[in-house]
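Heads up: the structure comes next, in structure tokens.
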Amino acid sequence: MRQLLLLRHAKSSWDDAMLSDHARPLNARGRQAAAAMAAQMQELGLAPDIVLVSSARRTLQTLEALQPMESSPIIEVMDDLYLAPWQRLMDTLRTMPETARSVLLIGHNPGLHELGLALMGPAGAALGGVHARRLSEGYPTGALAEFTIAGPWRQLQDGGGRLVRFVAPRDLPEVAA
């Protein structure tokens, strides 16, 4: 079994209208949520072998909040992941080495949300319980979906993942307070 972690970047700032979308940083709430999600990932023992991250400032800052990671993963910053549609994200995951047990992808909506729904597939959505329902309703900033993947990365396809959990920053006591 392989593990796929999909993390949407934390809440970003819209304060500086002169900044391009790609250059927008996290706001204070986003930094707090990213730190809380990092603690949650450690508590759950989520330790990726490879991290794929969009080159946008807000995704890179979200990754920074997760550091240091116990597993010392290979980190790949990819321009191609910036605002990528779900099909491109899926294609990228299919290129992962078979030796990778766990992959973390840090990206953007709507592609990340649509990828999660595609991986879950209609059967998974019907049987997935509360986590599947929550993922179906939306993918808030800073949220994390964990999937198990049964086959090799190169054969990843629609319905090819089983949703294990879906955690949003508002679920964590450090953020909800």
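The values are calculated or read from the model by the stated rules, or taken from the named source; none is laboratory data. What you see is a predicted model, and the numbers here were worked out from it, not measured in a lab. When we count neighbours, we look across all protein chains shown, and the Cβ atoms used for this are built from the backbone with ideal geometry, even at glycine.
Filtered by the rule that a residue be farther than 25 Å from Gln40 by Cβ, among the aliphatic types (A, V, I, L, M) and not in a loop (DSSP other than H, G, I, E, B), segment 70-99 gives a lone residue, Met90. Annotation: of all residues in segment 60-69 being in a helix (DSSP H, G or I) and not aliphatic (A, V, I, L, M), the one that is surrounded by the fewest Cβ atoms within 10 Å (Cβ to Cβ) is Glu64.
If you go through segment 113-123 and keep only what is surrounded by 22 or more Cβ atoms within 10 Å (Cβ to Cβ) and either touching a helix residue (DSSP H, G or I) at 6+ places or on another chain (Cβ under 7 Å) or in a loop (DSSP other than H, G, I, E, B) (or both), you end up with Leu115, Gly116, Met120. Please find, within segment 58-112, the residue that is nearest to Thr141 (Cα to Cα) out of those that are of a type in the set (Gly, Ala, Ser) and without any contact (Cβ under 8 Å) to a residue 40 or more places away in the chain. The qualifying residue nearest to Thr141 (Cα to Cα) is Gly111. The residues on offer are Ala33, Ala84, Ala56, and the sole one that is more than 30 Å from Arg154 (Cβ to Cβ) and among the small types (Gly, Ala, Ser) is Ala33.
Considering only segment 14-30, I want to know if a residue exists there that is touching a Pro at 6+ places or on another chain (Cβ under 6 Å) and crowded, with 17+ Cβ neighbours inside 10 Å. Among the residues of segment 14-30, not one is touching a Pro at 6+ places or on another chain (Cβ under 6 Å) and crowded, with 17+ Cβ neighbours inside 10 Å, which makes the answer no. For Ser55, the stated conditions do not hold, so it cannot be described as surrounded by 13 or more Cβ atoms within 10 Å (Cβ to Cβ), in contact (Cβ under 8 Å) with a residue 24 or more places away in the chain and under 18 Å from Arg2 (Cα atoms). Exactly one condition in (1) over 22 Å from Arg2 (Cα atoms); (2) more than 15 Å from the chain's Cα centre (by Cα); (3) modelled with pLDDT of 95 or more; (4) not polar (S, T, N, Q) is false for Asp91; which is it? Just one mismatch for Asp91, condition (1). Looking across segment 74-84, the residues that are within 15 Å of the chain's Cα centre (by Cα) and either crowded, with 19+ Cβ neighbours inside 10 Å or more than 19 Å from Glu146 (Cα to Cα) (or both) come down to Glu76, Val77, Met78, Leu81, Tyr82, Leu83, Ala84. Residue count for segment 130-167 under the criterion of being aliphatic (A, V, I, L, M), assigned to a loop (DSSP other than H, G, I, E, B) and modelled with pLDDT of 95 or more: the result is 2.
Is it the case, given these coordinates, that Leu144 is more than 12 Å from Gln40 (Cα to Cα) and buried (at least 17 other Cβ atoms within 10 Å of the Cβ)? Criteria not met by Leu144.
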